[in-house]
Each structure stands twice: as structure tokens, then as C-alpha cells.
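Student: Here it is, the structure in full.
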Amino acid sequence: MVYRMQDEVKKIIKSFDILKKILDDKAICDDNRIVIFDPPFEIQILRNEEMIVFSCKDDDIAILSENIIWIKDEFEEYVKDWIIALTSLGFKRFILKNRR
């Protein structure tokens with residue numbers, strides 16, 4: 001799972017600009033960061049650091065990059081679901097289709 005997760009993180013970072021357009025009105029987006037709110041969680045996609053950070057109430061629950069995959073055990077499924085969603089073409093098509 002770790003190896004695949006690293007590949008998925010790379011895909012998310014590479015598709016930063018597309019995700020930024022998709023999530024423009026659903027997240028905080030700037031040139032180097034996307035912050036997605038899923039209360040009580042927050043997901044930050046950091047382009048310059050090439051990292052994705054999941055937090056819950058100011059505590060990091062996962063830090064993902066090409067070199068680091070750290071996830072608190074009880075949050076593995078949650079993080080996995082978001083990684084799948086952020087790399088899913090169906091997710092991207094659904095969001096773009098509904099924005100028209």
C-alpha cells in the first residue's frame with residue numbers, strides 16, 4: 001500500500017493546477033497550496049513541498065510525500081479514501097461537469 005500511495009501522491013502533486021480549478025469554490029486555493037475542509041478534518045496539498053498533510057483539530061494525522069508516508073493507524077481508511085478521490089478521473093469529471 002505504501003508504494004502505491006507514493007505514486008498517488010505524485011499524481012496529485014502533478015495535477016495541482018487541475019485540482020485547483022476543480023476545487024476553486026470548494027476549497028482555499030492559491031499558487032502553492034490547496035486547503036480542503038472536511039470538518040473536523042483539513043487536507044492541505046502543498047505544491048512546493050510536494051506534500052499532502054491531513055489534520056484534525058490542529059493535530060497532524062497523516063503526512064504524505066514521495067519519500068514519507070506517515071498515517072496514524074485509526075485514520076488509514078479516511079486518508080486512503082481521499083487519495084483515491086483526488087486521483088479519480090470520475091471525481092474530476094463529476095466536479096467539472098457540475099460546474100458548467
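The values are calculated or read from the model by the stated rules, or taken from the named source; none is laboratory data. Nothing here was measured: the structure is a model prediction, and the numbers come from that model. Virtual Cβ from ideal backbone geometry, glycine too; neighbours counted across all protein chains shown. Areas reflect the complete protein model, heavy atoms only, side chains present, ligands, DNA and RNA absent. Shrake-Rupley method; radii C 1.70, N 1.55, O 1.52, S 1.80 Å.
Student: Please calculate how many Å² of accessible area the chain carries per residue, with a 1.4 Å probe and no DNA, RNA or ligand atoms counted.
Tutor: Numbers: 6380 Å² over 100 residues.
Accessible area per residue: 64 Å².
Student: Given a 1.4 Å probe and every protein chain left where it sits, what share in percent of the accessible area of the chain is carbon and sulfur?
Tutor: Details: 3220 of 6380 Å².
Summing carbon and sulfur atoms, their accessible area is 50 percent of the total for the chain.
Student: Between Phe75 and Phe37, what length comes free when the chain is fully extended (0.36 nm per residue of separation minus the Cα-Cα distance, one decimal in nm)? Walk me through the numbers before you get to the answer.
Tutor: Values: separation 38, 0.36 × 38 = 13.68 nm, distance 1.60 nm.
Additional length available on full extension: 12.1 nm.
Student: Of Cys56, Leu23, Ile34, which is farthest on the positive side of the dipole of the chain, counting Cα position, with +1 on Lys and Arg Cβ, -1 on Asp and Glu Cβ, and the Cα centre as origin?
Tutor: Leu23
Student: Place a +1 charge on the Cβ of each Lys and Arg in the chain and a -1 charge on the Cβ of each Asp and Glu, then give the dipole magnitude about the Cα centre in debye, rounded to the nearest 20. Walk me through the numbers on the way to the answer.
Tutor: Details: 17 positive and 20 negative charges, 166 e Å.
The dipole of the chain has a size of about 800 debye.
Student: Between Asp17 and Leu46, what length comes free when the chain is fully extended (0.36 nm per residue of separation minus the Cα-Cα distance, one decimal in nm)? Please list the in-between numbers first.
Tutor: Values: separation 29, 0.36 × 29 = 10.44 nm, distance 1.16 nm.
Length difference between fully extended and current span is 9.3 nm.
Student: Right, here's the next one. Of [x] 14.1; [y] 14.8; [z] 13.6, which is the value of Kirkwood radius over Cα pairs in Å derived from the coordinates here?
Tutor: Computed from the coordinates, Kirkwood radius over Cα pairs in Å corresponds to [z].
Student: Set the Förster radius R0 to 22 Å, insert the Cβ-Cβ distance between Ile28 and Ser88 as r into 1/(1 + (r/R0)^6), and round the FRET efficiency to 0.05. Don't skip to the end; give the middle numbers.
Tutor: Details: r = 22 Å, r/R0 = 0.98.
It comes out at approximately 0.55.
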